[in-house]
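Here's the structure we're looking at; comments come further down.
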Amino acid sequence: MNQALFDKYYPKSHFEGGTLPFFRLCRENISAHSRILEIGAGPTNECSKTLSGVGDVTGIDIDPDVKNNTFLSQSVVYDGRQMPFENAAFDACVSNWVLEHVEHPIEHFREVARVLRPGGVYCLRTCNLHHYVSIGARLLPHSMHLMLANRLRRLPEDAHPPYPTWFRSNTRSKLRELCRTAGLSQPSIIMLEPEPSYGSAHPILFYPFMAYERLVNSSKIFEGVRITILLAAQKPLEPSGK
């Protein structure tokens with residue numbers, strides 16, 4: 001029944017969702033044949049697949065499951081803090097639903113800036129702290145999040161359980177501050193509210209979540225309470241002669 005509701009109110013021919021805009025952001029900002037670092041790459045997934053069509057992708061993750069990602073030319077397990085690469089090693093860094101899990105965001109952004117070459121770009125997708133999903137995840141104990149998150153989205157039983165969340169980067173103002181502190185350019189930020197995936201479990205949830213989506217997409221004044229943050233920030237070019 002719920003799939004019929006999504007097909008009726010969110011037909012793919014008219015509703016783009018949040019993934020395609022993120023992939024488009026990556027393609028628009030990352031040149032062909034780039035050296036790309038995917039942070040939090042995880043096992044084989046659509047993001048890694050898309051990036052592998054743009055350039056050569058190295059993936060890092062705290063989870064050894066990254067070794068099973070078939071779209072990576074190199075996979076590295078790391079401590080979640082210091083990235084084991086030389087300065088200016090990559091043309092682009094990408095993270096997809098990762099920042100909400102980062103406990104030390106200033107360190108994260110400084111490491112991104114360090115491994116990017118001058119003129120390189122950081123593209124990311126993360127969730128907005130000022131949204132009911134993030135508020136719920138922040139208020140609930142992680143044990144409750146483990147029990148509910150995948151069930152509400154009707155994910156397969158073998159889907160990876162959610163990682164612990166910190167939400168220390170997850171507002172537009174905080175992201176701008178982190179970019180500035182790390183020496184990245186003023187970021188380009190897009191706010192999106194895609195289909196209400198957390199309404200997948202039951203029509204009782206679907207209709208109020210759909211009403212929320214319709215409201216926040218009705219006007220730009222509501223973009224601050226949309227769930228998805230897309231960001232692109234460049235590492236400035238070095239002054240000529242340096």
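Restricting attention to the stretch 178-202, which residues are open to solvent by less than 70 Å² (accessible area, probe 1.4 Å) and either part of a helix (DSSP H, G or I) or modelled with pLDDT under 90 (or both)? Across the stretch 178-202, the qualifying residues are Leu178, Cys179, Thr181, Ala182, Ser197, Tyr198, Gly199, Ser200, Ala201.
Taking the conditions (1) modelled with pLDDT under 70; (2) out of contact with any Pro (no Cβ under 8 Å at 6 or more places or on another chain) in turn, Asn150 satisfies each one other than (2).
Return the only residue of Phe85, Phe71 being assigned to a loop (DSSP other than H, G, I, E, B) and touching a Lys or Arg at 6+ places or on another chain (Cβ under 6 Å). Write out each step before concluding.
On the way: Phe85 fails: touching a Lys or Arg at 6+ places or on another chain (Cβ under 6 Å).
Result of the check over Phe85, Phe71: Phe71.
Does the stretch 7-39 hold any residues that are small (Gly, Ala, Ser), under 26 Å from Gly199 (Cα atoms) and either open to solvent by less than 20 Å² (accessible area, probe 1.4 Å) or touching a residue at least 12 places away in the same chain (Cβ under 8 Å) (or both), and which are they? The answer is Gly17, Gly18. Tally time: how many residues in the stretch 60-100 are surrounded by 15 or more Cβ atoms within 10 Å (Cβ to Cβ) and of a type in the set (S, T, N, Q)? Final tally of qualifying residues: 4.
Has the stretch 124-138 got at least one residue that is open to solvent by 70 Å² or more (accessible area, probe 1.4 Å) and either at positive phi or out of contact with any helix residue (DSSP H, G or I) (no Cβ under 8 Å at 6 or more places or on another chain) (or both)? Don't jump to the end; show me each part of the working.
Residues of the stretch 124-138 that are open to solvent by 70 Å² or more (accessible area, probe 1.4 Å), as a first pass: 130, 135, 138.
Keeping just the survivors that are either at positive phi or out of contact with any helix residue (DSSP H, G or I) (no Cβ under 8 Å at 6 or more places or on another chain) (or both) gives 135, 138.
The answer is yes; a qualifying residue exists.
Only a single item in (1) touching a residue at least 40 places away in the same chain (Cβ under 8 Å); (2) out of contact with any His (no Cβ under 7 Å at 6 or more places or on another chain) is not met by Arg180, and it is number (1). Scanning the stretch 226-242 for residues that are surrounded by 14 or more Cβ atoms within 10 Å (Cβ to Cβ), out of contact with any Asp or Glu (no Cβ under 8 Å at 6 or more places or on another chain) and not small (Gly, Ala, Ser) yields a total of 5.
Does Val57 satisfy being closer than 26 Å to Pro118 by Cβ and either open to solvent by 30 Å² or more (accessible area, probe 1.4 Å) or of a type in the set (Val, Ile, Thr) (or both)? Give the derivation first.
On the way: closer than 26 Å to Pro118 by Cβ: yes; either open to solvent by 30 Å² or more (accessible area, probe 1.4 Å) or of a type in the set (Val, Ile, Thr) (or both): yes.
So Val57 fits the description; yes.
Which ones in the stretch 105-114 are touching a residue at least 40 places away in the same chain (Cβ under 8 Å) and either aromatic (Phe, Trp, Tyr) or open to solvent by 20 Å² or more (accessible area, probe 1.4 Å) (or both)? Scanning the stretch 105-114 gives Ile106, Phe109, Arg110.
Out of the residues in the stretch 1-52 that are of a type in the set (Gly, Ala, Ser) and not in a loop (DSSP other than H, G, I, E, B), state the one that is nearest to the chain's Cα centre (by Cα). Can you show your working first?
Here is the first cut: in the stretch 1-52, the residues of a type in the set (Gly, Ala, Ser) are 4, 13, 17-18, 31-32, 34, 40-42, 48, 52.
With the extra rule that they be not in a loop (DSSP other than H, G, I, E, B), the set shrinks to 4, 34, 48, 52.
Working: Ala4: 28, Ser34: 20, Ser48: 12, Ser52: 17 Å.
Here the residue is Ser48.
The values are calculated or read from the model by the stated rules, or taken from the named source; none is laboratory data. All figures in this text were calculated on a predicted structure; none of them were measured in a lab. Because the Cβ atoms are built from the backbone with ideal geometry, glycine has one as well, and the counts that use them run over all protein chains shown. Only protein heavy atoms, including side chains, enter the accessible area calculation; ligands, DNA and RNA are left aside. Shrake-Rupley method; radii C 1.70, N 1.55, O 1.52, S 1.80 Å.
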